[in-house]
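Heads up, the thing below is written out as structure tokens.
Only the coordinates and a few stated rules stand behind these numbers; no lab work does. A quick note: this is a predicted structure, and the numbers were derived from the prediction, not measured. When we count neighbours, we look across all protein chains shown, and the Cβ atoms used for this are built from the backbone with ideal geometry, even at glycine.
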Amino acid sequence: MSSKSSTAKQETADPAANIPGLNGNLKTGTATVVAIQGYEGSFHQVAANHYFENNVKVLCCDTFREVIKKASNKKESDGGVMAIENSIAGSILPNYNLLQKSRLKIVGEVYLHIRQHLLVNPGVSVEDIKEVHSHPMALQQCLEFLDKYNWKLVETEDTALSAKQLHQHKSKHIAAIASSLAAGLFGLDILAPDIHTQRNNYTRFLVLQHEDLAEVIENADKASVNFHTDHSRGSLAKVLTKIADGGINLSKLQSFPIPGSDFRYSFHADMEFDSLDRFYQVIKDIKALTEDVKIYGVYRKGKHHS
């Protein structure tokens, strides 16, 4: 999916309606439709806006499994945006399994700085607040700030949903923790910005597209690969040596148990390189040392966004 397109206005109509080209090449000047987990105003939407330069319409999904399903439906969307790991919490392992079973390709990535803000309805002051609503993870990320006050903390399904419900109920005594995008969408004030404790909190999001439509990414310098060996002594070390000798930087290596096997594992590898030819030569070299190799995607390294 291309992120180079003009800005489109936000619309409330069916995001898949009246969009030409859903069954073929992506559009130019028309919003790209992507599936995300969560609600409008979620960090998934923030990541999608960064990648597609705000020229995107989101299909909101309750679960990551639904994201994969909608992203795989070429009539319904152009792809999806899915969180895959966090700099504090680590990898989202079930999402790797969903990706492995899908027919989706990684065509890009976004590293998003997770900034949590205390949101209130206009005119509400700190003294008015009695409760703070948000996702459990968001509440946990902001405990150092929240501990300064005697507020009741209420766990909810989603940060953006908390913001939406705050707007709908017009409560003077409830605040929400969510993104600045959610504040803008629902007309809320940011009473206290950046209340998260860990300042270096980034989530990595993958941009996915159906393999039949996946474009060749110009100047690609990163790839995601899955492989497994015969598990003989030193077999993994031989693969890693080939990768290093080929001048490839192994930025991530994650093991996964192979279902139905007796403690045998496959490995997800993120590889960074200066030359596509060098990458494909390394893939050719390690095929001789592995039982299976699958390339999830070849794409450009993602930028870090605040």
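Quote the charge dipole size of the chain about the Cα centre in Debye, to the nearest 20; the model charges only the Cβ of Lys and Arg (+1) and of Asp and Glu (-1).
Working: 34 positive and 35 negative charges, 67 e Å.
Using only the charged Cβ atoms, the result is roughly 320 debye.
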| field | Exposure proxy order (Cβ contacts within 10 Å, fewest to most) of 227, 43 | value | 227, 43
| field | Percentage relative contact order, region 126-203, counting C-alpha pairs under 8 Å, at least six apart | value | 38
| Taking a spot 7 Å from the Cα of residue 54 along the direction of its beta carbon, which residues of region 265-306 have an amide N less than 19 Å from it? | 304-306
| task | Net charge near residue 174: determine it from the other residues with C-beta under 10 Å of the C-beta of residue 174, scoring Lys and Arg +1 and Asp and Glu -1. | result | +2
| remark: Note, residue 213: beta-carbon cut-off 9 Å, +1 each Lys/Arg, -1 each Asp/Glu, net -2
| query | What list do you get for 42, 162, 261, 102 if you sort them by fewest beta carbons within 10 Å? | reply | 261, 102, 42, 162
| field | Extension gain from residue 88 to residue 294, taking 0.36 nm per residue of separation minus the Cα-Cα distance | value | 71.4 nm
| request: Quote to one decimal, in nm, the extra length available between residue 231 and residue 144 on full extension: 0.36 nm per residue of separation minus the C-alpha distance between them. | output: 26.7 nm
| When the helices in the chain are scored as -39500 (n - 2.57) per DSSP H run of 4 or longer and the sum is shared across all residues, what 222 nm value do you end up with, to the nearest 500 deg cm²/dmol? | -7000 deg cm²/dmol
| Dipole of the chain (Lys/Arg Cβ +1, Asp/Glu Cβ -1, origin at the Cα centre): which of 190, 34, 224 lies farthest to the positive side? | 224
| Measuring from centroid to centroid over Cα atoms, what is the spacing of region 145-175 and region 37-80 in Å? | 25
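Please compute the net charge surrounding residue 230, taking Lys and Arg as +1 and Asp and Glu as -1 over other residues with Cβ under 11 Å from its Cβ.
Numbers: positive: 233, 238, 264; negative: 291, 292.
So the environment of residue 230 carries a net charge of +1.
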| task | List the relative contact order of the chain as a percent without decimals, with contacts defined as Cα pairs under 8 Å and 6+ residues apart. | result | 21
| said: Using the Cα centre of region 222-301 as the reference point, and only Cβ charges (+1 on K/R, -1 on D/E), how large is the resulting charge dipole? Debye, rounded to the nearest 20. | reply: 140
| said: If a paramagnetic tag sat 7 Å from the Cα of residue 264 along the Cα-Cβ line, which residues of region 230-251 would have the backbone N under 12 Å from that point? | reply: 230-232
| Using the count of nearby Cβ atoms within 10 Å as a rough guide to exposure, how do 34, 298 rank from fewest to most? | 298, 34
